[in-house]
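Have a look at the structure below, then the notes.
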Amino acid sequence: MKKIEAIVRDEKFDDIIKALEDSGIGGITVTEAMGFGRHRNGLKKKMKLEIYCDEFQVDKVVEMIRRHGKTDTTGDGKIAVIRLEQLFRIRTGEQGANAI
Ligand SMILES: Nc1ncnc2c1ncn2[C@@H]1O[C@H](COP(=O)(O)OP(=O)(O)OP(=O)(O)O)[C@@H](O)[C@H]1O
Ligand SMILES: [Mg+2]
C-alpha cells in the first residue's frame, strides 16, 4: 500500500477532484495548505491531497493528478508516493488492502 500526497494549485483543485471521483480510489483527505517551492516567492495557498491506495493504483492516480493539475508554469506542485505500512478501517477492524 502507498500514501499519495499531492500539493496542488487551488485553481486546479476542482478539476483534479472531478477526475479522482471516477478513478476507483477508496477515498481522499483534503487540507488547505500554504507553502513555497524553489522560487521562494512567499507562502502561497495550495491544496494538499492524501490518498491511501493499493500499489496497482499508484501510476493511474499520479497521472490523473498531473494531467489535471498542470499549467506548465512554476508552482504546479508536487506528488509524493510514500510507503504505507498498515491501514485500519476503524468501524470494522479490517486491515491492509481490505481497509482501503
Ligand atoms: N521540497 C518541498 N517540500 C515540501 N513541500 C514542497 C516542496 N517543494 C514544493 N512544495 C510544496 O509545493 C508547492 C508548489 O511547489 P512548486 O510547484 O513551486 O515547486 P518547485 O520545485 O518550485 O517547482 P516549479 O519549478 O514548477 O515551481 C509549494 O508551495 C509547497 O507547498
Ligand atoms: Mg516553484
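One table, with the values for the structure above:
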| item | result |
| --- | --- |
| Candidate set: segment 63-92, residues that are of a type outside the set (Val, Ile, Thr) and over 17 Å from the mean Cα position of the chain (by Cα); chosen: the one farthest from Ile28 (Cα to Cα) | Asp72 |
| Residue ID - farthest from ligand 2 (Cβ to nearest atom), chosen from residues in segment 18-41 that are surrounded by 14 or more Cβ atoms within 10 Å (Cβ to Cβ), farther than 25 Å from Asn98 by Cβ and aliphatic (A, V, I, L, M) | Ala19 |
| Residue count for segment 45-69, restricted to those that are touching a residue at least 24 places away in the same chain (Cβ under 8 Å), within 16 Å of ligand 2 (Cβ to nearest atom) and open to solvent by 90 Å² or more (accessible area, probe 1.4 Å) | 1 |
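The values are calculated or read from the model by the stated rules, or taken from the named source; none is laboratory data. Remember, predicted model here, so these are calculated numbers, not experimental data. Reconstructed Cβ throughout: ideal geometry from the backbone, glycine too, with neighbour counts over all protein chains shown. Ligands, DNA and RNA are excluded from the accessible area calculation, which covers all protein heavy atoms including side chains. Shrake-Rupley method; radii C 1.70, N 1.55, O 1.52, S 1.80 Å.
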